[in-house]
1. Taking into account only those residues within segment 41-73 that are assigned to a loop (DSSP other than H, G, I, E, B) and polar (S, T, N, Q), which is modelled with the highest pLDDT?
2. Filter segment 41-68 for residues that are farther than 20 Å from Arg144 by Cβ and surrounded by 15 or more Cβ atoms within 10 Å (Cβ to Cβ) and give the result.
3. Looking at Lys35, Lys30, which one is out of contact with any Gly (no Cβ under 6 Å at 6 or more places or on another chain), open to solvent by 100 Å² or more (accessible area, probe 1.4 Å), modelled with pLDDT under 95 and of a type outside the set (Asp, Glu)?
4. In segment 163-182, is there at least one residue being open to solvent by 50 Å² or more (accessible area, probe 1.4 Å) and small (Gly, Ala, Ser)?
5. Which members of segment 258-270 meet the condition of being assigned to a strand (DSSP E or B), within 20 Å of Ser177 (Cα to Cα) and open to solvent by less than 100 Å² (accessible area, probe 1.4 Å)?
6. Please verify whether segment 125-143 includes one or more residues that are surrounded by 13 or more Cβ atoms within 10 Å (Cβ to Cβ), free of Cβ contacts under 8 Å to residues at least 60 places away in the same chain and touching a Lys or Arg at 6+ places or on another chain (Cβ under 6 Å).
7. Failed condition for Thr141, given (1) in contact with a Leu (Cβ under 8 Å, 6 or more places away or on another chain); (2) over 28 Å from Phe250 (Cβ atoms); (3) among the polar types (S, T, N, Q), with all others met?
8. When segment 74-100 is examined, which residues are found to be modelled with pLDDT of 95 or more and either part of a loop (DSSP other than H, G, I, E, B) or open to solvent by 60 Å² or more (accessible area, probe 1.4 Å) (or both)?
Amino acid sequence: YMAEHAGLPEVLSFRYNPGDLIEGNDIIGKPVEAKYGLTRPQMFEGYRRAQEMGVKRFGLHTMVISSELRTEAFLLTARIMFELAAELKQNLGICVEFVNLGGGFGIPYRPEENPIDYAAVGAGIERLYNDIMRPAGLGSTAIRTESGRAITGDAGWLVSTVLHEKDTYKKYIGLDSCMANLMRPALYGAYHHITVLGKENAPADHIYDVTGSLCENNDKFAIDRALPKIDIGDIVVIHDTGAHGSAMGFNYNGKLWCAELLLRTDGTIELIRRAQTLDDYFATLRYEGGLLS
């Protein structure tokens, strides 16, 4: 009754920020500088206060890394969280129903990178679970993760046409797409592999900045990238855009969202999202005296 009266959820999960126990990265930042989560003392105080307010069911959550490929990084997170779950039971009598290890499962954006060894990650987490959770009486606690990038990341391409070539202090290639279509390189310098259609096997003997058309100097998909000679009209494929690609899209400078095509396993292609139009862009704009009706 108390939890219902206070408007609290039936199951409550606080997010742990481990601070300098984990180094973080450029994408998610350093945990000590992140806006997310609670410190260790705050975690215990939060669960204690929630108990006093009548909450009976609990989980435990964190998210401390993004686009990670190293097995040891996932195992460090699991150890920290399992030990915290054991201490919550010992100190407060809370048996968490699940431990959410967060996401951060990366994909090999660069050709020279290796994918995650999921077998090693799974086996390592199982060992830690057996060593920490089961002796603490938490052998029925579920493990959850958030692995959207691992599922969708390499399942997308941004396909663009070369519109411009500019040779000043550097050589620039301008595309008909921009960071409104893919924000990751501009936001935190993320690498996306680029190929030129029909020139996949040509020598990468030119150095380009590959840019969009927004009035921002960081509207670049690649900086000082070695690529084959690019000509006006070439089709450029920007790889691995299935995660945080169109989902981070925006309309700055009046840029309209592009269409999305689905390549099925039988080789057929289907339009699953049409391109945005000016009517779409102005659909929500209404004011007295305006020209739009």
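The values are calculated or read from the model by the stated rules, or taken from the named source; none is laboratory data. Not measured: the values here are computed from a predicted model. Because the Cβ atoms are built from the backbone with ideal geometry, glycine has one as well, and the counts that use them run over all protein chains shown. Just so you know, the surface numbers come from the protein's heavy atoms only, side chains and all, with ligands and any DNA or RNA stripped out. Shrake-Rupley method; radii C 1.70, N 1.55, O 1.52, S 1.80 Å.
1. In this case the residue turns out to be Ser67.
2. Phe44, Gln51
3. It is Lys35.
4. The answer is no, given that none of the residues of segment 163-182 is open to solvent by 50 Å² or more (accessible area, probe 1.4 Å) and small (Gly, Ala, Ser).
5. Glu260, Leu262
6. yes
7. Just one mismatch for Thr141, condition (1).
8. Arg79, Glu83, Glu87, Lys89, Gln90, Asn91, Gly93, Ile94, Cys95, Val96, Glu97
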